[in-house]
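These notes concern the structure reproduced below.
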Amino acid sequence: MIKWQDSFKVKVDIIDEQHQRLFEIAEAAHELLMLPSYTDRFDEIMQLAEELKDYTKFHFAEEEKLMMKIKYNKLFSHKVMHQDFIEKMDSIDIYTVDENQTQCLLDLVGFITEWITEHILKTDKVLGQWYTQVYNDDIDKGGIA
């Protein structure tokens, strides 16, 4: 399982804190996966999926507010990626989870891990660079204190 490291920082404190929470949720999914396969994990899987969906909606809204505030030039494409994530989470079928818990957990852990590494390390890093540039420009102009 992937663990939070400083290399994941996008250098926007509030976003980094929220990303760390996403790592905690991913770790909880991984721990659930490590339980014996004969253990009924349906309730825990559904609770975890709901927590992930709720938290990412919150996080995405915060990230999108920041992008609007700094007039981020890739706001629309970034929002589309966020929406794709939510749609993927909305597509989780309770009957499939109930019938094949281990495979659903494997899929969920794989999806979260890929999202974290691809989205944070690529897409959000670019957002962090834009933020740093805007923030530094505003300081130079006497704007942000």
Subset of the range 63-115, residues within 19 Å of residue 16 (Cβ to Cβ), among the hydrophobic types (A, V, I, L, M, F, W, C), within 20 Å of the chain's Cα centre (by Cα) and open to solvent by less than 60 Å² (accessible area, probe 1.4 Å), comes to 66, 67, 85, 112, 115
All conditions in (1) β-branched (Val, Ile, Thr); (2) exposed (fewer than 14 other Cβ atoms within 10 Å of the Cβ); (3) assigned to a helix (DSSP H, G or I) are true of residue 15 except (2)
Of those in the range 18-45 that are of a type in the set (D, E, K, R) and under 16 Å from residue 107 (Cα atoms), the residue most open to solvent (accessible area, probe 1.4 Å) is 31
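The values are calculated or read from the model by the stated rules, or taken from the named source; none is laboratory data. Just so we're clear, the structure is a prediction, and the values are computed from it rather than from any experiment. Because the Cβ atoms are built from the backbone with ideal geometry, glycine has one as well, and the counts that use them run over all protein chains shown. Ligands, DNA and RNA are excluded from the accessible area calculation, which covers all protein heavy atoms including side chains. Shrake-Rupley method; radii C 1.70, N 1.55, O 1.52, S 1.80 Å.
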